[in-house]
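Enquirer: Quick one: structure below, then a few questions.
The values are calculated or read from the model by the stated rules, or taken from the named source; none is laboratory data. Keep in mind the model is a prediction, meaning the values are calculated, not measured. Cβ: placed from backbone, ideal geometry, glycine included. Neighbour counts: every protein chain shown.
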Amino acid sequence: MELVSVIIPAFNSLRWLPETLDSLRDQGKVRMEVIVVDDGSTDGTPDWVRAHHPEVKLIVTENRGVSHARNTGTAHANGGFIQYLDADDLLAAGKIGRQLTMFRDHPETDIIYGDWHRLECDARGNFAPGEVISREIADVDPDPQLAFMNGMWCPTGAYLFRRSIVERILPWKEWLPVIQDARFAWDAAEAGAVWRHDPQIAVFYRQHREGSISTRSRRAFLEDRERNLDDIAGRWSGRGPLPPGRMRALVSAYEQLAVEWFDVDRAGFRRVHGKLLSLDTGFRPSALRQRVPAVIIGWEATLALGSWKRGLVSWLRPSSRDACRLTRVLYLQYSNPAAYPPVEHGSRMLADAGCEVTLFGVASRGTDSLQPAAHSRIRFHLWPSRRPGLVQKLQYLVFLAACAGHALRLRPDWIVVSDAMASPVGWLLRRAGMRVVYHEHDEPEGGSGSFFQQRMTRVRPALARIADFCIVPNEGRADRLKSASGTQRPVLTVMNCPRREEALMDRPSPVREPAPFVFFYHGTIVPARLPFTLMRALAHLPQSCVLRIAGYETIGHPGHLKALLDEAARLGIGPRVESIGAVPARADLLAECRRAHVGISLMPIGSADPNERTMAGASNKAFDYLACGLPLLVSDLADWNAMFVGAGYARACNPCDEESIARELMWFAGHRAEVAAMGQLGRRRVLDDWNYQHQFKPVADRMLADVAIR
């Protein structure tokens, strides 16, 4: 009797995995090995599997995604048939036995796919039977490659693969983290697989309210689809002229993708539109109502008119469904929200509480690649950055108008204005009767910036006076905001801490000496945070000590990174200063932190900048380091000493004095056990109360309570 290998990738799926494994018990007379590949879970999944299912082959890996987990499981599989199954889905009784019989009856078959039953999640988290999907490949297109391009899809559990076809199409595409399952089926079609439909329910597929990975981030989903289409187009084109059917399929797929990009990111729309025109220079929209306007004013303007029309109709004639819709929160910020961890943390907490959150911002120098972590109830709109000058100022005015239009269309329950440059539109929307929060991360410097910037930020005090409430990161900034604006509105203090779960990840196991001792810095690369004295101090340390820099330059200090690296080379320590650039994903950035030993968090002494004088509690990097188990090197400033040094989480130096810096760096390098103990002490403080869940709770409670009352 043939052996079937059941491969289950699992990431924090302990809530569902017991029921999933139970569904394997009633599969008929089947020889079966079950392989669970734990993809870096933090919920205790590996321990539970070892304790309750010792017969299961358990493989534990670092978190590298579901495709890597499936590839790993397949490499350890011994069966002649492969059954992939997601950790939260359930196989129907007898599914494997029935499909094995079909293989014996039809030995030419490579893949059998069955129907599937959607389990829909209600507001309480309970699952109830939903739609049964019964569809054959030929119902979509006689050509399987075109069918899987044009919407044919089944959960992985619906398939049973003959091992020979799996080996022909491996690996699962790790560079497609969102739509890897659809691409695996397309790869099988390209390989000439012989398919057979099983007209019975094969799997029960849980449709979570937070969605599958394809709905957690619309942008990530569209980026994956675009990468996939580009790859397929390249593979087809490499075989000679495209047949008309495949050309039509590509044009249709790119058109649909461009339309979906339009409301997410205009740059994405324009990029895909360009690919469309390269395929078909005479392209016209397939929708008849768009064809004539597209010729006259262009396709992008035509879609924009349609979007505004839908928004106006929605505003004038609200849907009856709005009575039961989710709470909506709109963040407005004339910078990239993903460059501000407090914005990401707060928006995620609100989304986890059931809110629909939209982040509206503009990229700035060095932050274009940064994006918030995916979430099903968070949408992210990022305008491209512009060079300083007239075009940038025009973009700013258009951005404010777009923010107002988006607010009218979305009708949010709350608007969070996250910087002073967005305060004009926040003030306008508050005057229009909308609920507005002003969250100030940095105070605009008086007299700095262009005349235009100064005029725009002058609205900030007026907004603070009429906002429902304001948020600042520490008491010093609260006092300054109250003094500058005269506001009588509540001003809440929320320190810029990491999320609690970010402190739960363990540091990598220590390696044997002589491993390098790593000092780590992340953030903006400016002289105030990374002074030349730090380079000169590093030159006094042993060769085993290195400085690793992750971050981006600002408009105000272009070229500072190169100047630092040049200084390091002049001092003969060039190989000991590493720059890894801006790290787009926050999870990856924190992983880099965990590979280091000490975090650098310097501030200038005697600065005239009001933000630099009040950074304790406002600087997220200090808390990030502590969450990763790193002690801090901070400046010898009263507030930093009180918050970090006196508590045993840091040591202080004079950032203007290379000998002072070198003395403290040398102490860290020579006291590794004490360094580890300091880091763990700080990490425990983050777990206790220096986490964003604790800090932001009064804000979230106020926002959600006010909506409930209304």
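Enquirer: Name the residues in segment 346-370 that are part of a loop (DSSP other than H, G, I, E, B) and of a type in the set (S, T, N, Q), would you?
Expert: Of everything in segment 346-370, those that are part of a loop (DSSP other than H, G, I, E, B) and of a type in the set (S, T, N, Q) turn out to be SER364, THR367, SER369.
Enquirer: When the residues of segment 58-72 are narrowed to those that are charged (D, E, K, R) and surrounded by fewer than 19 Cβ atoms within 10 Å (Cβ to Cβ), which ends up nearest to the chain's Cα centre (by Cα)?
Expert: The residue in question is ARG64.
Enquirer: For segment 73-82, state whether one or more residues are within 30 Å of ALA353 (Cβ to Cβ), at pLDDT 95 or above and within 27 Å of the chain's Cα centre (by Cα).
Expert: no
Enquirer: Within segment 23-47, can you find the residues that are farther than 24 Å from SER67 by Cβ and either free of Cβ contacts under 8 Å to residues at least 24 places away in the same chain or hydrophobic (A, V, I, L, M, F, W, C) (or both)?
Expert: ARG25, VAL30, ASP47, listed by residue number.
Enquirer: Within segment 371-409, how many residues are in a helix (DSSP H, G or I) and of a type outside the set (Ser, Thr, Tyr)?
Expert: 19
Enquirer: In addition: Have a look at ALA202, ALA182, ALA191, ALA138 and point out the one that is over 20 Å from SER67 (Cα atoms), aliphatic (A, V, I, L, M) and in contact (Cβ under 8 Å) with a residue 12 or more places away in the chain.
Expert: The unique qualifying residue is ALA202.
Enquirer: Taking PRO412 as the residue in question, decide whether it is part of a loop (DSSP other than H, G, I, E, B) and modelled with pLDDT of 90 or more. Quick ask: steps written out before the conclusion?
Expert: Working: part of a loop (DSSP other than H, G, I, E, B): yes; modelled with pLDDT of 90 or more: yes.
Taking the combined requirement at face value, the residue satisfies it.
Enquirer: Go through segment 150-161 and report how many residues are under 30 Å from ASP39 (Cα atoms) and surrounded by fewer than 20 Cβ atoms within 10 Å (Cβ to Cβ).
Expert: 2
Enquirer: Continuing with the same structure: So if I check each of ALA147, ALA87, which one is surrounded by 17 or more Cβ atoms within 10 Å (Cβ to Cβ), of a type in the set (Gly, Ala, Ser), in a loop (DSSP other than H, G, I, E, B) and assigned by TED's automatic domain parsing to the domain that holds ALA10?
Expert: Values: ALA147 fails: in a loop (DSSP other than H, G, I, E, B).
After ruling out the rest, the residue left standing is ALA87.
Enquirer: Go through (1) crowded, with 18+ Cβ neighbours inside 10 Å; (2) modelled with pLDDT of 90 or more one by one and return the number of the condition THR493 breaks.
Expert: (1)
Enquirer: Here's a follow-up. What number of residues within segment 641-693 satisfy the criterion of being in a loop (DSSP other than H, G, I, E, B) and more than 29 Å from the chain's Cα centre (by Cα)?
Expert: Of the residues in that region, 9 qualify.
Enquirer: Yes or no: TRP261 modelled with pLDDT of 85 or more, part of a helix (DSSP H, G or I) and outside the structural domain of ARG386 (by TED's automatic domain parsing)?
Expert: Values: modelled with pLDDT of 85 or more: yes; part of a helix (DSSP H, G or I): yes; outside the structural domain of ARG386 (by TED's automatic domain parsing): yes.
Here the answer is yes, as TRP261 does meet what is asked.
Enquirer: Would you say GLU578 is touching a strand residue (DSSP E or B) at 6+ places or on another chain (Cβ under 8 Å) and either in contact (Cβ under 8 Å) with a residue 12 or more places away in the chain or in a loop (DSSP other than H, G, I, E, B) (or both)?
Expert: yes
Enquirer: Kindly indicate whether ASP47 is crowded, with 19+ Cβ neighbours inside 10 Å, assigned by TED's automatic domain parsing to the domain that holds LEU170 and charged (D, E, K, R).
Expert: no
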